[in-house]
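K.L.:
I have a structure here, written as C-alpha cells, and I will follow up with some questions on it.
The values are calculated or read from the model by the stated rules, or taken from the named source; none is laboratory data. Keep in mind it's a predicted model, so treat the numbers as computed, not measured. Positions of Cβ are generated from backbone atoms using ideal geometry, with glycine treated the same way; all protein chains shown enter the neighbour counts. Heads up: the accessible areas ignore ligands, DNA and RNA and are worked out on the full protein's heavy atoms, side chains in. Shrake-Rupley method; radii C 1.70, N 1.55, O 1.52, S 1.80 Å.
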Amino acid sequence: MSATRGDPSPGRRLVTEIPGPRSRELAARRARAVPDGVGTTLPVFISRAGPGILEDVDGNRLIDLGSGIAVTGAGNSPPQVVDAVREQVGLFAHTCFQVTPYAGYVEVCERLNELTPGGHEKRSFLVNSGAEAVENAVKVARYATGRPGIVAFDHGFHGRTLLTMSLTGKVNPYKRGFGPFVPEVHRAPYSDPFRETGRLDETITMLETTVGVESIAAVLVEPIAGEGGVVVPERGWLPGLAEWCRSQGILLIADEVQTGFGRTGDWFACEHEGVVPDLVATAKALGGGLPLGGITGRAEVMGSVHPGGLGGTFGGNPVACAAALAAIRTIETEGLVARARAIGERTLDRLHRLAADQPAMGSVRGRGAMVGVEFVRPGSMTPDRDIAGRVLRRCHQAGVVVLGAGTYGNVVRLLPPLVISDELLDEGLAILEEAVTAG
Ligand SMILES: Cc1ncc(COP(=O)(O)O)c(C=O)c1O
C-alpha cells in the first residue's frame, strides 16, 4: 500500500518525541554503518509516505514541505507511478540502452524534447542523477564549441562529482578538502536582488576582459538558485545573459534539476522570462522518485558528439523511465503546474504578511512551490544562520519537514509536493510561523 492511501484523514500526528525511539535505534546503527560525511537533515527513519505526509518507524506522521529535495512533486509513490514501475519491473529491469534499446527511453526523450523550452529541434539522452546531467551538458558544450571554459555562478549548486563540485559556488560543506578542482571553471556573481549583487553589465565586462569570450564554451546557470538560498534573479537578468551568450556563440546551459517539472509554476523556470537555453539539465522530479537525469539540447549541438561519446550502464534505466513517464502524465492530468502556482501564492502571501513584523525575515521570495526565507540580524543585512537553524529545529520537532539552504546557511527553504492539500500546507505554514515568532 502506498502509505496513507486509503486513509480518509491523513494528517500530522506525533506519537513520540522527534526522533522517536525506533528512529534513534536506527540512527545508532546508521552511525556504525554509514560515514558522517553523508549528512542528515532530520534523523527520523521513514517507513511510508502519502501525499504531503511522511510516516516514520515510530508511527509519527510529518508534514512534508521538502519533497526529498524537489523530487516527489507528483506525489510519493502515487498510484500511477507505482503501477508503471510494477509493470515494467515485471517485464524486464535492465538491458543497457546502448546494448539493446527499449521504447521507454525513447519516449522519455520525446517528452523532454517536447516539454523543455523552445520549439526548435532537440535531442535528449538520459543519465542517473542531476550531477551527471550537468556534467554531460558540459561535455556536450565543450565538444560542440571546441572551447574549454565554463562560467558558473556564486550561489550555484550543481552536484558532488569532481566537475560539478568545481562548478558549485559554496565551499562548505560541498568542496572543503576535496580539491584540486577542474580547471577552466570561471565564477561570476549571480543576480541577487536582496543583496543587490550580480549586475549583468559588470559580469559581462568581467568575462570579456578576464576570461575572453573565445575560450568560453558555455554559461551554466540555475534559473533560480535552489541550494544557494532560493535566490530569484532580478527580472531581465536571465534573458540578458541568454542574449549575450547568443551574440558570442556561447551556449547557455540551464540547470533545471531542482526547478524543473512544474516546481516553479511553469514546466521549467526559464519559461517565466521566455528564455530558451541551448542545453537543459534535468533530474530530481523527472524520475517520479526513481533516479533519472536528462540532458536536452539543440539537435545540432547534441548531434556533434561522436557515437559512443555519451551514455552509461544504467542511464535511462527502463524502470526509471516507466516511472518518469507516469510522473509526467500525473503532472499533466492532475494540473500540477497550475497547482504549484497556487501553492506559491498561498505560501508567499502568508509569509510576506508574517515578515511585515518579523525583522529577522530579511527576504521572502520564490516562485511557485519553491520558496525561501532569508534570515538576517534584525535591522541589518548580516546573515543569521542561528535563527534559521532554530526555526528549522522547531519545525522538525513539531513534525514539519522543511529544508535549510543558502550560501550563508541562513535560508529556510520550502519545496512542498505539488499534490499537498491546502489543509496540510496551511498547517505546515502555521507551524513555521510559530517557529519564527518564537524568536
Ligand atoms: C540545481 C541542482 N543541480 C544539480 C544537482 C545535483 O543533483 P544530484 O544530487 O541528483 O546529483 C542538484 C541537487 O540538489 C541541484 O539542486
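K.L.:
Output the Cα-based Rg and Dmax of the range 162-246 in Å, rounding Rg to one decimal and Dmax to a whole number.
P.N.:
Expressed in Å, the Cα Rg and Dmax of the range 162-246 come to 13.4, 37.
K.L.:
Quick one: with all protein chains in place, what share of the accessible area of the chain is carbon or sulfur, to the nearest percent (1.4 Å probe)?
P.N.:
The C+S portion of the solvent-accessible surface of the chain is 53 percent.
K.L.:
Quick check on packing: order 126-136, 141-151, 200-210, 34-44 by the mean number of other C-beta atoms within 10 Å, highest mean leading.
P.N.:
126-136, 141-151, 200-210, 34-44
K.L.:
Roughly what % antiparallel, to the nearest 5, for the DSSP beta bridges in the chain?
P.N.:
70 percent
K.L.:
Ignoring ligands, DNA and RNA, what accessible area per residue does the range 140-238 give at 1.4 Å, in Å²?
P.N.:
With the other protein chains kept in place, the range 140-238 gives 42 Å² per residue.
K.L.:
What does the range 279-352 give for Rg and for Dmax, in Å, if only its C-alpha atoms count?
P.N.:
Here Rg and the maximum Cα pair distance are 16.6, 52 Å.
K.L.:
Right, here's the next one. Say the dipole of the chain comes from +1 at the beta carbon of Lys and Arg and -1 at that of Asp and Glu; which of GLY289, GLN358, GLY59 then lies farthest toward its positive end?
P.N.:
It is GLY59, whose Cα lies furthest towards the positive end.
K.L.:
Then there is this: Considering only DSSP beta bridges where both residues belong to the range 107-250, give the percentage that are antiparallel (nearest 5).
P.N.:
Looking only at bridges with both residues in the range 107-250, the antiparallel portion is about 20 percent.
K.L.:
If amide hydrogens are placed 1.01 Å from N in the peptide plane, which non-local residues have theirs closer than 5 Å to the one on ARG377?
P.N.:
Those lying under 5 Å, H to H, from ARG377 are THR382, ASP384.
K.L.:
Continuing with this model, one more query. If all Cα-Cα distances of the range 188-346 are sorted into 10 Å bins from 0 onward, what percent lands in each bin, rounded to whole numbers?
P.N.:
Result returned by the calculation: 10, 33, 34, 19, 4.
K.L.:
Bin width 10 Å, alpha-carbon pairs only: give the P(r) of the chain as whole percents, running from 0 to the bin holding the largest distance.
P.N.:
For the chain, the pair-distance distribution reads 5, 21, 31, 27, 13, 3, 0.
K.L.:
At 222 nm, what helix-only mean residue ellipticity would the chain give, in deg cm²/dmol to the nearest 500, using -39500 (n - 2.57) for each DSSP H run of four or more?
P.N.:
-11000 deg cm²/dmol
K.L.:
Multiply the residue separation of ALA299 and GLU121 by 0.36 nm, subtract the distance between their alpha-carbon atoms, and state the gained length in nm to one decimal.
P.N.:
63.5 nm
K.L.:
Which FRET efficiency, nearest 0.05, do ARG246 and ARG390 yield, Cβ-Cβ r, R0 35 Å?
P.N.:
0.15
K.L.:
Mind checking the full-extension length gain between LYS139 and PHE314? Use 0.36 nm per residue of separation minus the Cα-Cα distance, one decimal, nm.
P.N.:
Contour length minus the Cα-Cα distance gives 61.2 nm.
K.L.:
Give me the accessible area per residue for the range 267-385, probe 1.4 Å, as a whole number in Å². Don't skip to the answer; put the middle values down first.
P.N.:
Values: 4370 Å² over 119 residues.
About 37 Å² of surface per residue is accessible.
K.L.:
On full extension of the chain, what length is gained from THR161 through ALA338, given 0.36 nm per residue of separation minus the C-alpha to C-alpha distance?
P.N.:
So the chain would gain 60.3 nm between THR161 and ALA338.
K.L.:
I need two numbers for the range 106-216: Rg to one decimal and Dmax as a whole number, Cα atoms only, in Å.
P.N.:
Cα-based Rg and Dmax for the range 106-216 come out at 15.9, 44 Å.
K.L.:
At ASP422 and ASN172, where each label point lies 7 Å from the Cα along Cα→Cβ, what is the point-to-point distance in nanometres?
P.N.:
Once both label points are built, they end up 4.4 nm from each other.
K.L.:
Still on this structure: Volume per residue, Å³, of the convex hull around the alpha-carbon atoms of the range 38-111?
P.N.:
Numbers: hull volume 11.1 nm³, N = 74.
It comes to 149 Å³ per residue, whole-number rounded.
K.L.:
Sticking with this structure for a sec: Beyond 19 Å, how much of the Cα-Cα pair distribution for the range 216-300 remains, as a whole percent?
P.N.:
Details: 1254 of 3570 pairs.
For the range 216-300, the share of Cα pairs beyond 19 Å comes to 35 percent.
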